[in-house]
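**Q** Below is a structure I'd like to ask you about.
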Amino acid sequence: MNANKRAITDWIFKQGFKTAGVVTIALLGGIFFMLLYNSISFFIKRSPLDFFTGSNWDPETNYSILPLIVSTAFVAIGSMVIAVPLGILTAAYISEFAPKKLQIILKPIIEMLAAIPSVAIGFLGIVLLGPVISVLFGIQNGLNALNGSILLSVMALPTIITISEDAINAVPKSHREASLALGANKWETLFKVTIPAAVPGLIAAVMLGLGRALGETMTVLMATGNAAAIPKNFLDSVRTITATIAIEMGEVPYQTTHYFALFAIASILFLITLVINLLGEYFANRLRKFHQ
Amino acid sequence: MKKKFSHLINWILLIGSTFLVCTFLGIILWDIFSKGAPALSWDFITQYPTNGMTKGGILPAMVGTVLLTFITTLFAVPFGVSCAVYLNEYAKPSLLTNIIRASIRNLAGIPSIIYGLFGLALFVQGLHFGTSVLSAGLTLGLLSLPYIITTTEEALKRIPNSMREATLALGATQFETIKDVILPKALPGILTGVILTLSRAAGETAPILFTGVAFYINGVTTSVNQEFMALPYHLYMLSTQHSAIETVRPLAYATAVVLIILVFMLNTVAFIIRFKYRTQD
C-alpha cells in the first residue's frame, strides 16, 4: 500500500469514528424532539391545566397525570426508604469491616442481584410477595404500592451499594487515622468521620438508585395492581407513569389524542429522571473535587 | 457496659443489613429454582408451545431472544466501539467532546420504556420497519449504546500511552495503531463490557413491548421483518395475561429459570474473561 492510500484510509476512519460520536448527540436530540413534538400535539388538543391538576386518568374523559405522578412518587419514595439505609449500611460493612475473603463473596452476590431481569422480580411480586402482603395485612389483593416499593428497593440496592462503596472507599485513609489517633473508636470514626466525608457520593448513589426506581417499568407493571386513582396509603393499588405507557401504548391508534397523551406523560418522566440524574452527577463531581 | 451495648447494636445493624441483602438474592433464586426446576426439561426448551400455551415448550421464545440479541449486537457493538475509539483516541477536550460525553451520560439515565417509545416512533413508524425483530433489536441496541461506549472507553484507557507512541514512531498511521495494536490489546475488556450489556438487553422487556414482540407466533421467527417471541415477555404474559393463569404457573416458573440461567451464563463468561485479563497484566 502506498503512503497516499494509507493516509486516505486513516482519514476515512477518523471521520467514521467521529460520526459515531456525533450520532450520539443526534440520538439524544431525536428522543428529546420526539417527546417535545408529540407533547405539543397533545397540549394543542387539551389544556395543560387539566393535565396537571385533574384528578383522574381516564381516556374517556380526562388525561390527568396527577394520579400517575403520585403513584410513581409513592413507589419510588417507598423503595428509597427501604433501600437507602440498607444499601449504605451494607456498603459500609463491605468496605470498612468485612474480611477480604468475605468481600470476594459479597461482591458477586451484589452483581448477581443486579443481573436478575426486572420481569423475574415482578413475577415474584405476583407469586410470592403479593400473597405474603395480603396475609400480613389482611387484605384481598397484595398487588399494591408496598409490593412495588419492596421490589424496587431490591432492584435499586445494587446501584446504591456499589456507588456508596466507591464513595466510602474514596475517603482518604488519613481521615480515619486522624480520628482513631484522637481516641475515637471505630464506630465513632465510621459514623462521625468516614460517612459524613462520603456524603456527596452517598447522595449521588441515592439519586442514581432513585433514577432507576423511577424509570423501572416491568416490576411495577406486574406488582402494583395498576389502578389509576390517587393512592391514599401504601396498601392501595397504584399505577405509575411507566406502567401506564406500557399498558396503553400497545392499544392506542396512531396519532390520536390518547397516543399523544402517552408521550406527554413520557416527557414528564423524562424531565424528572433527567433532573434526578443531573443532581446525582453534580454530587458525584463534588465528591471528586473534595478529595483532590 | 453501655458502650458495649451500642457496639453490639452497630454490629447488628451493619451485618444485619448485609445479610438481608444476601437473603433477597437467596429468596429470589430459591423460590424460582425450587418451583421452576420440576417443570424444566429438555423438551421444554426444544418444543413449540401447544394447547393454547398451557403445554409444550418455549422454543420460539428462545429463538426470538437469541435473534433479538444478535441484531442488538450487530448494531450496537460497531457503533458503540467506534464512538468510544473516537472519544479516547482522537477527541481533544473541546465543546463537541463535552457535548458528546454529556449526551452519553444522559442517554444512560433515560428510562427503558422511553427507548421503547422512540423505537416505535423511529423504526416501526418512521422507517416503516413495522413491528418486527429488526425494530426491537435496533431499539435495544440504542438502549445498550451508552453502556457499550462507557465500558469500551474504560478498556481503552487501560492501554498505556507508550504502546501508542511506539507504534506511531514506527511509522504506523493512527488508524493502523488502533486497528493492529490498541483494539486487540483492549479486546478482553471490551468483550466483558459487551457481554454484560447484552445480558441486560436480553432480559429487557419494556423496550420491545411496542416494537415487535408477540405473545404467540406460528413456528419460529426466521426473518428480521417478522414479529417474535421473547423469554422475558413470555414470562410477563404467562404470569399476568394468560386466561388460565394458575394452570400455566409452572411454565412461568420454568421460563423464569431459563431466563435467569441465560443471564447468569453470560455474566459468568464476562467474569471469566475479566478474571483472566486481570491476572495477565
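**Q** Helix-derived [θ] at 222 nm for chain B: sum -39500 (n - 2.57) over DSSP H runs of at least 4, divide by residue count, nearest 500?
**A** It comes out at -23000 deg cm²/dmol, rounded to the nearest 500.
**Q** Related question: Would you tell me the mean number of C-beta atoms belonging to other protein chains that fall within 10 Å of each C-beta in A:187-196, as a whole number?
**A** 1
**Q** How much space per residue, in cubic angstrom, does the convex hull of the C-alpha atoms of the protein assembly as shown take up? Intermediate values should be presented prior to the final figure.
**A** Numbers: hull volume 108.8 nm³, N = 573.
Roughly 190 Å³ of hull volume per residue.
**Q** Could you put B:222, A:9, A:194, B:152 in order, starting from the residue whose Cβ has the fewest other Cβ atoms within 10 Å? Show your work: numbers first, answer last.
**A** Values: B:222 11, A:9 15, A:194 20, B:152 27.
With the fewest neighbours first, B:222, A:9, A:194, B:152 line up as B:222, A:9, A:194, B:152.
**Q** What does the charge dipole of the range A:109-241 about its Cα centre add up to, to the nearest 20 debye, if the Cβ of each Lys and Arg holds +1 and the Cβ of each Asp and Glu holds -1? Present the calculation step by step, with values, prior to reporting the outcome.
**A** Details: 7 positive and 7 negative charges, 37 e Å.
Taking the Cα centre of the range A:109-241 as origin, the dipole is about 180 debye.
**Q** On average, how many beta carbons from a partner chain sit within 10 Å of the beta carbon of a residue in A:6-18? Provide the component values of the computation, followed by the final result.
**A** Details: counts 5, 2, 1, 4, 7, 3, 1, 10, 8, 2, 5, 13, 9.
Whole-number average of other-chain Cβ neighbours for A:6-18 is 5.
**Q** If you don't mind, there's one more thing I want to ask. Output wanted: per-residue J couplings in Hz (rounded whole) for the range B:176-191, from phi through Karplus 6.51 cos²θ - 1.76 cosθ + 1.60, θ = phi - 60°, x for Gly and Pro.
**A** Here the 3J(HN,Hα) series is 4, 4, 5, 5, 9, 10, 5, 4, x, 5, 8, 3, x, x, 5, 4 Hz.
**Q** If you put +1 on each Lys and Arg Cβ and -1 on each Asp and Glu Cβ, how big is the dipole of the protein assembly as shown around its Cα centre, in Debye rounded to 20?
**A** 1700 debye
**Q** Could I ask something else about it? Could you work out Rg/(2.2 N^0.38 Å) for the range A:114-255, with Rg from alpha carbons only? The partial results should precede the final answer.
**A** Numbers: Rg = 20.2 Å, N = 142, 2.2 N^0.38 = 14.5 Å.
Normalised Cα radius of gyration, the range A:114-255: 1.40.
**Q** Just from its helices, what would the mean residue ellipticity at 222 nm be for chain A, if runs of 4 or more DSSP H residues each count -39500 (n - 2.57) and the sum is divided by every residue, rounded to the nearest 500 deg cm²/dmol? Could the numbers behind the result be given before it?
**A** Details: 13 runs with 210 residues, N = 292.
So the helix-based figure for chain A works out to -24000 deg cm²/dmol.
**Q** What nm distance separates the two modelled labels at residue A:3 and residue A:175, each placed 7 Å from Cα along Cα→Cβ?
**A** 5.6 nm
**Q** Scan the range A:50-149 for chymotrypsin sites (Phe, Trp or Tyr not before Pro) in coil per DSSP, keeping those whose Cβ has at most 13 other Cβ atoms within 10 Å, and list them by number.
**A** Details: sites: A:51, A:52, A:57, A:63, A:74, A:93, A:97, A:123, A:137; in loops: A:137.
Qualifying residues, ordered by number: A:137.
**Q** Let me ask something else about it. Taking the Cα centre of the range B:188-281 as origin, sum charge times position over the Cβ atoms of Lys and Arg (+1) and Asp and Glu (-1), and report the length of that vector in debye to the nearest 20.
**A** Values: 5 positive and 4 negative charges, 68 e Å.
Here the range B:188-281 has a charge dipole of around 320 debye.
**Q** While we're here: For peptide A:220-233, how many partner chain Cβ atoms fall within 10 Å of a residue's Cβ, on average?
**A** 1
**Q** For a footprinting-style exposure proxy, rank B:19, B:271, A:283 by other Cβ within 10 Å, fewest first.
**A** Placing the least packed residue first, the sequence is B:19, B:271, A:283.
**Q** With the dipole of the protein assembly as shown worked out from charges on the C-beta (+1 for Lys and Arg, -1 for Asp and Glu) around the Cα centre, which of A:204, A:243, B:104 lies farthest toward the positive end?
**A** Highest projection toward the positive end goes to A:204.
**Q** List B:221, B:173, A:257 from most exposed to least, where exposure is judged by having the fewest other Cβ atoms within 10 Å. Intermediate values should be presented prior to the final figure.
**A** Values: B:221 23, B:173 19, A:257 15.
Listed from fewest to most nearby Cβ atoms, that is A:257, B:173, B:221.
**Q** Using +1 at the Cβ of each Lys and Arg and -1 at the Cβ of each Asp and Glu in the range A:66-290, identify which of A:215, A:112, A:270 lies farthest towards the dipole's positive end.
**A** Looking along the dipole axis, the top candidate is A:112.
**Q** Also: What ³J(HN,Hα) values, in whole Hz, does the Karplus curve 6.51 cos²θ - 1.76 cosθ + 1.60 give for the range A:7-17 when θ = phi - 60°, with x put for Gly and Pro?
**A** Rounded to whole hertz, the list is 5, 5, 4, 4, 5, 4, 5, 4, 5, x, 4.
**Q** HN-Hα J couplings of the range A:70-75 from phi, Karplus 6.51/-1.76/1.60, θ = phi - 60°, integer Hz, Gly and Pro as x?
**A** 4, 4, 4, 5, 3, 5
**Q** I would also like to ask the following. If you take every residue apart from residue A:72 with its C-beta less than 11 Å away from the C-beta of residue A:72, what net charge results, scoring Lys and Arg +1 and Asp and Glu -1?
**A** Local charge sum for residue A:72: 0.
**Q** Report the normalised scattering of the range A:3-45 as log10 I(q)/I(0) at q = 0.15, 0.23, 0.28 Å⁻¹, calculated by the Debye formula with identical scatterers on the alpha carbons.
**A** Log-scaled intensity ratios, in q order: -0.55, -0.76, -0.87.
**Q** With no solvent and one equal point scatterer per Cα, compute the Debye intensity ratio I(q)/I(0) for the range B:3-86 at 0.19 Å⁻¹ and report its log10, rounded to two decimals.
**A** Listed by q, the Debye log ratios stand at -0.92.
**Q** Here's a follow-up. Using alpha-carbon pairs under 8 Å, 6+ residues apart, how would you state the relative contact order of chain B in percent?
**A** Once normalised by length, the contact order is 27 percent.
**Q** Then there's this: Say the dipole of the range A:32-191 comes from +1 at the beta carbon of Lys and Arg and -1 at that of Asp and Glu; which of A:180, A:88, A:133 then lies farthest toward its positive end?
**A** Positive-end residue among those listed: A:180.
**Q** Moving on. Which residues' amide hydrogens lie under 5 Å from the amide hydrogen of residue B:47, considering only partners 5 or more residues apart or on another chain, with H built in the peptide plane?
**A** For residue B:47, whose amide H was placed from the backbone, the distant partners under 5 Å are B:57, B:58, B:59.
**Q** Turning to a different aspect of this structure: Please give the direction-averaged projected area of the C-alpha convex hull for chain A, in square nanometres with one decimal.
**A** 23.4 nm²
Here, each number is a calculation from the coordinates, and none is a lab measurement. On a predicted model such as this, the values are computed, not experimentally measured, just so you know. In this analysis, Cβ positions are derived from the backbone assuming ideal geometry, glycine residues included, and neighbour counts consider all displayed protein chains.
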